[in-house]
1. Sort A:32-38, B:227-233 by packing, meaning the average of other beta carbons within 10 Å per residue, with the highest value first.
2. Per-residue Cβ counts within 10 Å, from other chains only, averaged over A:7-16: what number is that?
3. For peptide B:146-159, compute the average count of partner chain beta-carbon atoms within 10 Å of each residue's beta-carbon.
4. Count, for each residue of B:252-258, the Cβ atoms from other chains sitting within 10 Å of its Cβ, then give me the mean as a whole number.
5. Cα axis of helix B:347-358 to longest principal axis of chain B: angle in degrees, 0 to 90, nearest 10?
6. Tell me the carbon and sulfur percent of the accessible area for the stretch A:8-57, rounded to whole percent, probe radius 1.4 Å.
7. So what is the 222 nm mean residue ellipticity for chain B from helices alone, if each DSSP H run of at least 4 adds -39500 (n - 2.57) and you divide by all residues, rounding to the nearest 500 deg cm²/dmol?
8. Which of the GluC sites (Glu not before Pro) found in the stretch A:1-105 are in a DSSP loop and have at most 13 neighbouring Cβ atoms, other than their own, within 10 Å?
Amino acid sequence: MNASRIKPPMTEDNGWWWEEVGRDRLPIQRCTACSTLRHPPRPMCPRCRSMAWDFIEAAGRGTLFSYTVLHHPQFPGYDYPLTIAIVDLEEGGRICTQLVDCERDDIKIDMPLEMFIHEDADGFKLPMCRPAA
Amino acid sequence: MSTALHNTAAIAGIGQTTYSKCSGVSELALACEAVSRAIDDAGIEPGEVDGLVTYTLDSSDEVEVANSVGLGDLTLFSQINYGGGAAVGLVHQAAMAVATGSAKNVVVWRGMNGRSGKRMGQGVSGTIISSDIIHWSWYMVYGMLTPASWIAAFTTRYMHEYGATSEDLGRIAIAQRKFALNNPNAAGYGRPLTMDDYLASRLVAEPLRLYDCCQETDGGCALLITSVEHARDLRQKPAVIRGVCQASSRGQEQMTSFYRDDMTSLPEMELAARQVYAQSGLGPDDIDAACLYDAFTSEILVQLEAFGFCARGEAKDFIADGALEIGGRLPNNTHGGLLSEGYIHGVNNIAEGARLIRGTSCNQPEGVEHVLISSGVGVPTGAMILGQA
């Protein structure tokens, strides 16, 4: 593909997450007051309202909670059919990502997956998943 | 539960433009035409309108509409967020204004070149300018940009847990297309749809096919809301608001409430159901017809469960024998709905709800006392029940 994918605009609330992904890590935000994990990242813990947080590095193991295979419309920067996966992470929480290296008929709800950091031709990195080895 | 919005206000006027794929006019022109027709339908003068409500997504400002239509003093102007989730919320604003005396005659509208202009089905993009761009970016980066893709991810899990099939979704598309065959203003007019047609249609976002997705439409639709007392003196039979609400729940996101433990139900729509049933003193057994928001077929299944017409997971059985058609338990979107009439962001579904109370639907069921109407699915939403004066 020639065109590149749409990049996320970065603010104080999400830029750190993408920086960690750029270092080949899959971060999950954690409240330092009550240890509750949260994703997508937000500035305050909805459980205890603490604004102090750090993150853990996810091991990258998860299962397929739901998915959709996109056919239309097709946007420059993406390959179709494009499988979007909603993944339950082993540590807790869910992430919306792309499933690759999996034939259409092999996609099954609850299948074990492994997350990895994909690098685009332009150097942009983002988490994706594939069937667990 | 407050009863201030029970039998206080009514829909007294309906205005709509032609619905098409290319209007050839501005969105402001569509808004003005719809608003003007709603005023004429009710039989009041433009100068009597003192409130205007629309969508944050509508491109026409209240004062631009007011200046074009020749309105006078305005004491209410408001815009509701969350796309189609705003639909019933417009009427909620209007009803609150009427109930508190903030305004007497409120027109709500949506005017959009949804096909020839900005196409909703083409999704959000890198040029989107809004405060929630970070929210969308978690999905945009993966190419998950369209309403169909967001609802499809929800639908996959629902179908997996409850065994609903493509044929079940097809039955909803076909039921509403049958209604559209009697509606000359509908995109589906003159275009019958069979199960074979449905199953052969191209995949858009699995499991959703072309006919699971609503239209993209150019058009405008407006409603005039006033007090029940005033509505009785006007030209049309009033559609009395028995209850109306907005609803958003814990874990609610815009179209991507993927992070709740359970992704097979709509807590926000269940909250809407509790509110409108409590306000009205009615229950699902009292509802004779519905205009449930239908941007995608699968949204109907989950709403039938949220509003208590059947148990969770049983909507596929509820609809199996034509329950959503004329003569069925709950004729739904008798104009064709967003799927087969047109996508005026849900305001056209509210207009049909008012026609069902008037007795003027192009597919009028017998003896309609109460109609249930909902706002967009997957977003902060709302619902209302209309009844006879």
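The values are calculated or read from the model by the stated rules, or taken from the named source; none is laboratory data. Here the structure is a predicted model, which means the values were calculated and not measured. So basically every Cβ, Gly included, is an ideal-geometry build from the backbone, and we count neighbours across all protein chains shown. What goes into the accessible areas is simple: the full protein's heavy atoms, side chains included, and nothing from ligands, DNA or RNA. Shrake-Rupley method; radii C 1.70, N 1.55, O 1.52, S 1.80 Å.
1. Values: A:32-38: 14.7, B:227-233: 16.6.
Sorting A:32-38, B:227-233 by mean packing, highest first, produces B:227-233, A:32-38.
2. Working: counts 4, 9, 7, 2, 3, 1, 1, 4, 1, 0.
Partner Cβ neighbours, averaged per residue: 3.
3. Working: counts 4, 0, 5, 6, 3, 1, 6, 8, 3, 2, 10, 6, 1, 2.
Across the residues of B:146-159, the mean count of other-chain Cβ atoms within 10 Å is 4.
4. Details: counts 0, 1, 0, 0, 3, 0, 8.
Across B:252-258, the average partner-chain Cβ count within 10 Å equals 2.
5. The angle comes out at about 70 degrees.
6. 48 percent
7. On the way: 13 runs with 132 residues, N = 389.
Theoretical 222 nm ellipticity from helices: -10000 deg cm²/dmol.
8. On the way: sites: A:Glu12, A:Glu19, A:Glu20, A:Glu57, A:Glu90, A:Glu91, A:Glu103; in loops: A:Glu12, A:Glu90, A:Glu91, A:Glu103.
Within the stretch A:1-105, the qualifying GluC sites (Glu not before Pro) (loop, at most 13 other Cβ atoms within 10 Å) are A:Glu12, A:Glu103.
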